[in-house]
């Protein structure tokens, strides 16, 4: 009883604070100075029409690198918690979903049709990250959704973990190498202006932003696939 | 106006999430509540970046370079949320992995059964 009462009091207090926040909030009428300088400088200095991608892969690329490291750590820790070295998970054989319940015809046919389309869509999202909405993170997540669909349709499906880890390490190493090349050739670490900027809005433009986008997509896709595979029963 | 509605939705999601964390005893429901809270914060960050009558910060045929600074929304919160969403998903994956191991050790998902680290 006393616990329930304290929960109600805590939620009510949070609600009061949030209500005052929501009431006193006023919409911005114009951009703040930092955002305005980003909006002005990304198309001019980097040649990228998508300002968010310019921020993510150049001005705050170090942030992105750190976050990819976090993803790698999560993939490793999921493997550590669920993987080999522990006693096998005690699911009795008649409870195992892959043996008792194979996925239905509808799911399997759907996967066969959708997996190629989803792969093409992921490639499109990754490659157009500097031109329109999209980028490495989003495309990588779409690739992982492809792997998830395969795991649902074919419970015995075994992604090639060795290939995934090699591809992921190569992408990570090339990302850091591109950063060091920016340090040597251009102004700073992860500067994308080591390749020519090209024509504004063209497919091959904006320096190394498309390259970094592809590397990021491969890395995120591989890491999320390894995480998903860790949860196989 | 629109950003106030979105901001209120995000705050409500955080409230619902914290209520779920405090009242539910099933670990899976607690994880769902955590995800709700995370989604609420993402929505709030995006709402704060909205500029009145703004459009997406992508220069194309409908948005000329010269008028970009007066017509786009703040790109920084959007860039931060892209990373925050991926990290939120990763945190959920770690929580679920631990949940599987906890279920193995006690054969229950009720948080009342795990009293070792309680004082």
_For region B:89-108, give me each residue that is buried (at least 18 other Cβ atoms within 10 Å of the Cβ) and in contact (Cβ under 8 Å) with a residue 12 or more places away in the chain._
B:96
*Is there a residue being over 18 Å from residue A:120 (Cα atoms) and assigned to a loop (DSSP other than H, G, I, E, B) anywhere in region A:211-222?*
no
_Quick check on region A:22-33: of everything there that is facing chain B (nearest Cβ under 7 Å) and at pLDDT 85 or above, which residue is surrounded by the fewest Cβ atoms within 10 Å (Cβ to Cβ)?_
A:25
*Can you name the residue in region A:130-169 that is surrounded by 20 or more Cβ atoms within 10 Å (Cβ to Cβ) and touching a strand residue (DSSP E or B) at 6+ places or on another chain (Cβ under 7 Å) and, of all such residues, is nearest to residue B:93 (Cα to Cα)?*
A:130
*asked:* Can you tell me which residue is farthest from residue A:202 (Cα to Cα) among those in region A:35-52 that are part of a helix (DSSP H, G or I) and more than 7 Å from chain B (Cβ to nearest Cβ)?
replied: A:37
*Would you check if residue B:30 is touching a helix residue (DSSP H, G or I) at 6+ places or on another chain (Cβ under 8 Å) and either over 30 Å from residue A:82 (Cα atoms) or at pLDDT 85 or above (or both)?*
yes
*Could you say whether any residue in region B:59-80 is outside any loop (DSSP other than H, G, I, E, B), more than 7 Å from chain A (Cβ to nearest Cβ), touching a residue at least 24 places away in the same chain (Cβ under 8 Å) and under 19 Å from the mean Cα position of the chain (by Cα)?*
yes
*Count - residues of region A:118-129 that are within 19 Å of residue B:57 (Cα to Cα), surrounded by 22 or more Cβ atoms within 10 Å (Cβ to Cβ) and modelled with pLDDT of 85 or more*: 2
*What residue, of A:182, A:172, is buried (at least 20 other Cβ atoms within 10 Å of the Cβ), closer than 22 Å to residue A:127 by Cα and touching a residue at least 40 places away in the same chain (Cβ under 8 Å)?*
A:172
_For region A:210-231: of the residues being within 11 Å of chain B (Cβ to nearest Cβ) and surrounded by fewer than 23 Cβ atoms within 10 Å (Cβ to Cβ), which is nearest to residue A:171 (Cα to Cα)?_
A:228
*In region A:53-80, what residues are without any contact (Cβ under 8 Å) to a residue 60 or more places away in the chain, in a helix (DSSP H, G or I) and surrounded by fewer than 24 Cβ atoms within 10 Å (Cβ to Cβ)?*
A:59, A:63, A:66, A:67, A:69, A:70, A:73, A:76, A:77, A:80
*Within region B:60-82, how many residues are at pLDDT 80 or above and either touching a strand residue (DSSP E or B) at 6+ places or on another chain (Cβ under 8 Å) or farther than 23 Å from residue A:59 by Cα (or both)?*
4
_I'd like to know if region B:38-52 contains one or more residues that are touching a helix residue (DSSP H, G or I) at 6+ places or on another chain (Cβ under 7 Å), more than 8 Å from chain A (Cβ to nearest Cβ) and assigned to a strand (DSSP E or B)._
no
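The values are calculated or read from the model by the stated rules, or taken from the named source; none is laboratory data. All values derive from a computational prediction rather than experimental measurement. Methodologically, a virtual Cβ is constructed for each residue, glycine included, from the backbone with ideal geometry; neighbour enumeration extends over all protein chains shown.
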